[in-house]
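The values are calculated or read from the model by the stated rules, or taken from the named source; none is laboratory data. In this text, all values refer to a predicted model and were calculated from it rather than measured experimentally. Note: ideal-geometry Cβ built from the backbone for every residue, glycine included; neighbour counts use all protein chains shown. Just so you know, the surface numbers come from the protein's heavy atoms only, side chains and all, with ligands and any DNA or RNA stripped out. Shrake-Rupley method; radii C 1.70, N 1.55, O 1.52, S 1.80 Å.
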Amino acid sequence: MSLCIAVNHPENFVIICGDGRITKASKIVSDSHLKLTKLTNHVSMFCSGVQDYCEMLRSLVAKQVNESTPIEQIARIVERESLKVHVQFLMNYPTYYDVVPDGACLATVLAFYDLDKGKCGMIEYCHRSGFDPRIVVGSAMSARGIGQDKALIYLPKHFNPQNPIESVLDTYRIIGEQEHSVGGDISIHVISEVGTKELVLEAMK
């Protein structure tokens, strides 16, 4: 797992971020894995969880999306392919949720700017709801993955709208001090009408 943080500023921009840390058996195997995927110039996808299956989902979705694919269609593609990947995962690991009841094979978030509607937002997917897309276009902060509850307590209290990126990085630093599985390079996509600005910051080691 990992930690995704997304912040939506309606009709202006949406920020989506993911850390680069991958752990296996409590050992850090990478601090620079890119868990954000730019699907189009106005849509980015975060996916973490069981890494091999996240990469499978990422690949399946990317092959079906191009610059002309509308966000509604992308949302349906992610839903459909998430279900397929999850079924495959359960076939391979049928007792996973018995052993890790709070775990998730896939933790997925889309961030988008819809040029046709002039709106930006985020779409969240969870296996507990059958990967039914949960769409948010209002003012919102979201966190998915390791330390998500702590992030959603800290970020709203310390968020500076004049410097949103630094506010998000501060949240990663705080969570990283408490959660061994969160850390490394922080990838940030800022999506607005003009497209996606991509940043990778060595915020935590």
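Ordered by solvent-accessible area of protein heavy atoms (1.4 Å probe), largest first, the residues Tyr154, Tyr53 come out as Tyr154, Tyr53. Note on Glu193: accessible area approximately 120 square angstrom, rounded to 10, probe 1.4 Å, nucleic acids and ligands left out. The calculated FRET efficiency for Glu55 paired with Gln162, based on their beta-carbon distance and R0 = 41 Å, is about 0.65.
Among the lysines of the range 73-205, pairs that are 8 or more positions apart or on different chains and have alpha carbons within less than 30 Å of each other number 10.
Taking the square roots of 5 times each eigenvalue of the Cα gyration tensor of the range 88-127, largest first, gives ellipsoid semi-axes of 33, 10, 5 Å. In summary, the convex hull built on the alpha carbon positions of the range 47-146 has an orientation-averaged projected area of 6.6 nm². Counting 0.36 nm for each residue step from Leu90 to Asn12 and taking away their Cα separation leaves a gain of 24.1 nm. For Met56, the accessible area of its heavy atoms, probed at 1.4 Å with every protein chain present, is near 70 square angstrom. The residue list Ser2, Cys17, His33 was ranked by how far each Cα lies along the charge dipole of the range 1-117 toward its positive end, using unit charges on Cβ atoms, and His33 comes out on top. For the range 107-175, the Cα gyration tensor yields ellipsoid semi-axes of 22, 18, 8 Å (square root of five times each eigenvalue, largest first, whole Å). Counting Cα-Cα pairs of the range 62-108 in 10 Å increments starting at 0 gives whole-percent bin shares of 23, 42, 23, 11, 0.
Annotation: average projected area of the chain is 10.6 square nanometres, based on the convex hull of Cα atoms across all directions. Distant-in-sequence amide contacts of Cys120, defined by a placed amide H-H separation under 5 Å and a gap of 5 or more residues or a different chain, comprise Glu11, Asn12, Asp114.
Taking all Cα-Cα distances within the range 132-205, those exceeding 14 Å account for 66%. Here is the short version for the chain: Cys4, Cys17, Cys105, Cys120, Cys126 have no other Cys C-beta closer than 4.7 Å.
For the range 30-97 versus the range 153-205, the inter-centroid distance based on Cα atoms is 22 Å. Highest mean packing first, where packing is the average number of other Cβ atoms within 10 Å per residue, the peptides 24-36, 6-18 line up as 6-18, 24-36. For the range 132-161, the residues whose backbone nitrogen is under 18 Å from a point 7 Å from the Cα of Lys117, taken along Cα to Cβ, are 132-142. Relative contact order of the chain: 32 percent, from C-alpha pairs under 8 Å at least 6 residues apart in sequence. For the range 60-77, backbone phi angles converted through the Karplus equation (6.51, -1.76, 1.60; θ = phi - 60°) give residue-by-residue couplings of 4, 6, 4, 5, 9, 10, 9, 4, 8, 6, x, 4, 4, 6, 4, 4, 5, 4 Hz, Gly and Pro being listed as x. When its C-alpha radius of gyration is set against 2.2 N^0.38 Å (N residues), the range 11-99 gives a value of 1.22.
Note on the range 37-84: Kirkwood hydrodynamic radius from all Cα pairs is 10.8 Å, rounded to one decimal.
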